[in-house]
1. Through the Karplus equation 6.51 cos²θ - 1.76 cosθ + 1.60, θ set to phi - 60°, convert the phi angles of the range A:88-95 into ³J(HN,Hα) values in whole Hz; use x for Gly and Pro.
2. Which order do peptides A:698-705, A:454-461 fall in by mean Cβ count within 10 Å, highest first?
3. Efficiency by 1/(1 + (r/R0)^6): what FRET value for residue A:198 and residue A:815, r their Cβ-Cβ distance, R0 = 51 Å, to the nearest 0.05?
4. Where the only charges are on Cβ atoms (+1 Lys, Arg; -1 Asp, Glu), what is the dipole of chain A about its Cα centre, to the nearest 20 debye?
5. Quick query: amide H of residue A:785 versus all other amide H atoms, modeled in the peptide plane; which residues come in under 5 Å with a sequence gap of 5 or more or a different chain?
6. Keeping every protein chain present and rolling a 1.4 Å probe, give me the accessible area per residue for the range A:242-433 in Å².
7. List the GluC sites (Glu not before Pro) in the range A:403-511 that DSSP assigns to loop (not H, G, I, E or B) and whose Cβ has at most 14 other Cβ atoms within 10 Å. Which are they?
8. Assuming a ≥ b ≥ c are the square roots of the Cα gyration tensor eigenvalues, decide whether chain A counts as rounded (a/c under 1.5), prolate (otherwise, with a/b larger than b/c) or oblate.
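The values are calculated or read from the model by the stated rules, or taken from the named source; none is laboratory data. Keep in mind the model is a prediction, meaning the values are calculated, not measured. Quick reminder, even Gly has a Cβ in these numbers, built from the backbone with ideal geometry, and neighbours come from all protein chains shown. With ligands, DNA and RNA removed, areas are computed over all heavy atoms of the protein, side chains included. Shrake-Rupley method; radii C 1.70, N 1.55, O 1.52, S 1.80 Å.
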Amino acid sequence: MTTTRSRQERDSATTIDRDRYDPAAIETKWQERWEREGVHRTPDHVPGKDNWYALVMFPYPSGDVHIGHWYQYAGADAHARFKRMQGYNVLHPMGFDSFGLPAENAAIASNVHPRIYTETNIDNMRRQFRAMGTSYDWDRELTTHTPDYYRWNQFLFLRFYEAGLAYQSRGFANWCESCQTTVANEQVLDGACERCGTVIVRREMDQWFFRITAYADELLQMDDIDWPNKIKVMQNNWIGRSQGVDFQFDISEYGLAESSLTTFTTRIDTVYGVTFVVLAPEHPLVEGLTQPEQRKTVREYIDQAARTSEIERTSTEREKTGVRTGAFAINPLNGERVPILVGDYVLATYGTGAVMGVPAHDERDFVFAKKYGLEIRVVIAPDGWDGSDLEEAYLAPGTQINSAEFDGLPSRDGIEKITDKIEADDIGARRITYRMRDWQFSRQRYWGTPIPIIHCDSCGTVPVPVTDLPVRLPDEAQFKPTGRSPLADDPDFINAACPHCGEPARRETDTMDTFVDSSWYHLRFASPQEAEAPFEPQAVKSWLPVHQYMGGAEHAVMHLLYARFFTKALRDLKMVDFGEPYSRLFNQGLLIKDHAKISKRSNPLAPDPLVDRYGADTIRCYLMFLGPWDQGGDWSDDGLAGITRWLNRVWDLASRDPSGLLSNGSGDSDADRELLRMSHKTTRRVVGDFERFKFNTTIAALMELVGEMNRRWESGSISAAVWSDTVERILLLTAPLAPHIAEELWERTGHTFSIHNVSLPGWNDELATDEVITVVVQINGKVRDRLQLSVDVTEEEAFEAAFASERVKAYTGDSEIVRRIYIPGKLVNFVIR
RNA sequence: GCCGAGGUGGCGGAAUGGUAGACGCGACGGUCUCAAAAACCGUUGGGCAUAACGCCCGUGCGGGUUCGACUCCCGCCCUCGGCACCA
């Protein structure tokens, strides 16, 4: 029986629940129920389900989940929820990277203990994460500032130390005057502290290092990880592998302990063009080589260089300077005696700290030679070179000239041949150098993991026995920064018996870089309660490596590089059986507002009031709707209206009573088929878009489906069965993005708790295929008509239909059709003359 | 300087060789209302126009490949991110 009533009549007569959508009324309710019933608790194994580890970079507990955090964590949560509804057993944990300077600085500023400050912040953030509707398993929460966690930093450090992967060494370190600590090279941006922007100065001191360079080549190998190319390129550049030759100049005439001076070059083909040698001011041979009459000048120059900041010294704009040592080096290949200079454009920390000066074929050497009147000798001839003086250094390959027996060779071959000779004559060797240096991880501050080492006058550097761990951070400390660790002023901490000889000795007082904590936290999440080891091997086996890692690109050469190093080191220590921590990585973009960075001071956007006003679901969806997640988005309050309307429409649709619709509905009327088609199509689109993190088009597709449902309801010729099926689909597909409203409507439409344990609907490709398609008819590539044709139209039929079109006839006229193109289901193109 | 990403309506964006501008915001017009808001419906790239389901132009700029280019190729410009005296 068919009944068609007016829309008003149907609405007022049959709607079961006319409640307005009120986020405040439902969101807390469901958050509490999810918590109570442990919906997001993740066992290590669930029969019949594969595991999926969805990890998002954990935050520093600044005290507030700001809107940038929302952008990051809402997207990550939606993806994790999507995977859960695809049928995976999903581990999506949350914790806090809770050691670090801000807590200590707050302690200095307002006299709160860093631990109190940190834990208060964590409490607030945990509350905010709940209000966001995230699906974390809080039973697995970890905080890195607790002894339960940091003792394992110490444990791993000791394993690394035994293996020679951690060592102490004296040298020039990056010192931040404002943070009052050293920082690693990765944490210096444009010569300034990554954290506070203060210019970094070099300071000579004892520091602890992880031997990350031992893995340089392996770290370059990234073919097997599915990461954004951008990050791979950044790591590649950072590691900076370059292949060259160590080449020795003879300085035996000076009777020093060293009879030769080694330079590193990637352009050994230019070696016959060497007209000088430059040493870094810090080079150990400078002292011995400097001749008496040059001593004063050289000393002044070195002092000057030492006072110059790193940022200035490495500026490409700066004019190159240098002074002569008065000494000469002999090029063993041609016996020439060339002057040795000191110049601060040569870095002590790269290669050998000494370079051979080839002004004709190196830009820097060229300007240096011009300035100091040094000879410029061409040894690589450009094609068609007429022998005249060069205007600038010639860097490209060419033909060897003035190069003894190598004359006439292409310079590319020259590199190999000359290197062979050098190796045969034992005056140098092939060598690979890296730009990356070892990871300097000791910090002169309080709020971090104490390095478990004891310094003994008789036994030297002695590791704390594993059984004595953790070396606890003393609760009381004088936080005022003095340039050395506050721990150094704590006699109770510093005085310890040497584990070796039992004599009084001193503890190491530096603490660890917080990047140590985050280098292995993904392992700890697998078994966060484990008391006997950093992680439990079986749990690690079931969860790692991380299937999907999510977070910002700003960690490309810090956290992401360190974590890869840790994993490889742990593998070699036989603690894990894989070499990469994160199989897939996705970087979300940056959220901005009014084309400007969001900042607490100048451009604020606090989430809590927004949640009060619109509800968490609306904020989550709006953030995901702004644009593709990897490209970031531009927030504007106005745009929220669109999401509000959409969610209200979903609420309205799901609240209608479909019993007044056609009751014979087996889904075979035209209208039913159309709605079914749309809903299957949408399912296909949404699942594909979720997979690729295209949340914005996911929502667009769902909005279109809502529009279609409203039109179909209006026309009234659909069945209750198809209607209900479509409502169900909309709720399921919306659930990862807007978990609360989906749960509420799921219950209201008579389903059992919880929607988040239900699998996403599948789709039927056949049902999702259009029966009638629009075929575009082009004449010479311009659209002239559109034809509605059956989906299974043949090529010939399509051409016939196109020919029959009046509009086409008007264009073709008497012209000759020289070519016809048919793209099945899409278009016909006639090429006419 | 080198490497990477990007440039599409008033705005956020969609479409990766086949109908450019999906979806949303805003704006304009309408319905409802005493009125307004909300809600709902319609229009909305620019120009021409005899007003036609009509024509021309249009995806940073200039060339090219192709029946057909936002999409591929070459050369530039601009924005953002990374690296930068690395020998």
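1. Taking θ as phi minus 60°, the curve returns 8, 8, 9, 9, 10, x, 9, x Hz for the range A:88-95.
2. Values: A:698-705: 21.0, A:454-461: 14.9.
The most tightly packed comes first, giving A:698-705, A:454-461.
3. Numbers: r = 74 Å, r/R0 = 1.46.
So the FRET efficiency works out to roughly 0.10.
4. Approximately 1360 debye in magnitude.
5. A:777
6. On the way: 9210 Å² over 192 residues.
Result: 48 Å² per residue.
7. On the way: sites: A:405, A:416, A:423, A:476, A:508; in loops: A:476, A:508.
Within the range A:403-511, the qualifying GluC sites (Glu not before Pro) (loop, at most 14 other Cβ atoms within 10 Å) are A:476.
8. Details: a/c = 2.83, a/b = 1.51, b/c = 1.87.
Taking the square roots of the gyration eigenvalues as a ≥ b ≥ c, chain A is oblate.
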